[in-house]
Amino acid sequence: MNVLISKMMLYLFEASNIEEFFRLPTNYCELPTHLAKGASIHSPAEKSDENNPGLPRIRVLSPDAERNEMNASQYVAVSCLILLIQPLCGLVSAELAESAELTQSAGSAQSAEQHQQAGQPNIIFMMADDQGWGGTSVQMHPDVADSRSKIFRTPNLESLSSEGMRFSQAYAPASVCAPTRLSILNGQSPAANHWTKVASGLRSLRNPKMWPPKQVRRIDPKDVTFAELLQSSGYRTAHYGKWHISGGGPGKHGFDEHDGDIGNEYAERFKDPNPVDIFGMCERAEKFMAESRDAGKPFYIQLSWHALHASSNALKETTEKYRNLRGRQSRFAAITEDLDTGVGRILESVDKLDLRKNTWVIYTSDNGSGSSQVLAGGKGSLWEGGIRVPMIVRGPGVEANSWCHTPVVLSDMYPTFCEWAGIELPEKAVEQVEGGSIVSLLNDPDKGQVTRARKELYFHFPNYQTSDGPHSAIIADEYKLIHFWETGDSRLFNLASDIQEKKDLAAEKKDLVEDLEARLKKYLEDVDAHMAEPNPKYDPNVATQTGQRRGGRGAGGRGMGGRGGQGNGRRGGRRNRRSSQ
Ligand SMILES: [Ca+2]
């Protein structure tokens, strides 16, 4: 406490006026640079003080990593004390100013622009819906020519990738929509969130071998989201586009501005000239960027694009360009290009507002689509086609046109954003977050490392959506094991040499299979994952209906393939596009 008071006193000596001081609890940006470096102020998990219910608890993490806490009443008391002695400050501040440190910070009041350059970085996180690994014209792996589409045109993403880093092995936490979105926001896996499929689909099942678990289907109000932490440390935060995880909508979970608690149906009414609200989202984002810059505040903007949903809403002009393609393919090509145009407008806004130097831009997708010419499986399956997604990052210090081949997962974004913002995760978030920061990879893609609570990546899909049935997967080093719960069988692949998951190594590496199966099962127990349970009334002589869609390979064989031609729209669970998956 004494340390905190002394730091506040020091701050007051340097503050140009008392109003600036009073912004301290809510606006870390107002701290002089030398105090602000590495410091954060937040009132995160514990929204109120245990001893004084209703009063927010304020935490100050000083640059030397000392954690200090006080509640709101203590803060007011300290503030009043400092107000009383403020007249003395003038007498002593001249003496203090002789020290090199204070001299350096004298006149530290920064203009908004200066702050943007020196303070916490801005973050723009863009996520497409159902855009597969090969669903853009950006090659996602240097050795895999077909990791890009030769039909779809995304020149703005090409430009972004030429200025940033491509992650060749980035994963969505889930192979379906909402579970991925929640996992990004709270940093926890879909298995631990007990939300692995958008809806259980129990009613459509007839005589299944296993009964899938029910789904939670909303963000838990107790979750600490990264958006709340950013907000508490001075960020302005906005979420535009598809939310899809209920729980009261973005405004209840850390976003100052948002489009509400909306899902797929929302965007369907937006047609030419604003297909699925792509350009509306761009306009709102640019306005938010400009306002934040003018206020001298860092911002976080999440653009959860509705595209590629409602692809028939693409601009007529763009659709015309692809009229030689067949049916769905022409629509997906058109909406993909429209989305890319939206990405270009966002990038233009960043430059127009002179924010590039201090702004991170991340582009990715919420799940695979099965539209890759290379990857097996698709949406709703844990083959690479269901979970490997495009990912490009541009930002301060990132080498242009660079690659990172270390596996990352989108739940890594939470600690990454917090590290960029200089936020130390509160205890509750440390327990909750399974991802690790990718900052060191961005600094050095070869030597950097991601530190997570567990070294391996885990995926859990105890549901029926494809011919795979309930299954789970673990990726450890270059190996990936997929376990199928209906049969108890596992498949093992070396992703480094077999990205297509063609050569099953399970028979020849039995020890490794045993080891990975044990790790997978232990993980699922540790996070209390909800499992599919055997159906005691299952009758092998009666037909089974699981409502399966394409996109898997099938637990027992390779018959399903799932490696459709680029963007042919027939693989990867494209049926039922109007469903809420
Ligand atoms: Ca999706």
Which ones in the range 266-278 are touching a helix residue (DSSP H, G or I) at 6+ places or on another chain (Cβ under 6 Å) and surrounded by fewer than 20 Cβ atoms within 10 Å (Cβ to Cβ)?
270, 271, 272, 274
Taking the options 375, 355, name whichever one is of a type outside the set (Phe, Trp, Tyr), away from the ligand (no atom under 15 Å from the Cβ) and over 27 Å from residue 152 (Cα atoms).
355
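One line per residue, one yes/no per condition, for (1) within 13 Å of the ligand (Cβ to nearest atom); (2) crowded, with 24+ Cβ neighbours inside 10 Å:
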{"residue": "379", "(1), (2)": "yes, yes"}
{"residue": "386", "(1), (2)": "yes, yes"}
{"residue": "392", "(1), (2)": "no, yes"}
{"residue": "395", "(1), (2)": "no, no"}
{"residue": "401", "(1), (2)": "no, no"}
Of the numbered conditions (1) touching a residue at least 60 places away in the same chain (Cβ under 8 Å); (2) buried (at least 22 other Cβ atoms within 10 Å of the Cβ); (3) within 16 Å of the ligand (Cβ to nearest atom), residue 263 fails exactly one; give the number of that condition.
(2)
Residue hits (the range 473-503; touching a Ser or Thr at 6+ places or on another chain (Cβ under 9 Å) and not aromatic (Phe, Trp, Tyr)) are 478, 481, 482, 483, 499, 503
Matching residues, the range 237-277, being farther than 24 Å from residue 299 by Cβ and small (Gly, Ala, Ser)
246, 263
For the range 375-473, which helices (runs of 4 or more DSSP H) that fit wholly inside it have 1 or more residues that are within 25 Å of residue 497 (Cα to Cα) and of a type in the set (Val, Ile, Thr)?
384-387
State whether the residues of the range 154-174 include one that is without any contact (Cβ under 8 Å) to a residue 40 or more places away in the chain, assigned by TED's automatic domain parsing to the domain that holds residue 392 and within 16 Å of the ligand (Cβ to nearest atom).
no
Selection from the range 135-147 of residues that are surrounded by 24 or more Cβ atoms within 10 Å (Cβ to Cβ) and either within 16 Å of the ligand (Cβ to nearest atom) or farther than 28 Å from residue 417 by Cβ (or both)
135, 136
Select the helices (runs of 4 or more DSSP H) contained entirely in the range 146-216, then report the ones holding at least 3 residues which are aliphatic (A, V, I, L, M).
177-186
Scanning the range 488-502 for residues that are in contact with a Leu (Cβ under 9 Å, 6 or more places away or on another chain) and of a type in the set (Lys, Arg) gives 491
Any idea which of 300, 322 is in contact with a strand residue (DSSP E or B) (Cβ under 7 Å, 6 or more places away or on another chain) and away from the ligand (no atom under 16 Å from the Cβ)?
300
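The values are calculated or read from the model by the stated rules, or taken from the named source; none is laboratory data. Keep in mind it's a predicted model, so treat the numbers as computed, not measured. A quick note on method: Cβ atoms are made from the backbone with ideal geometry, for glycine too, and the neighbour counts reach across all protein chains shown.
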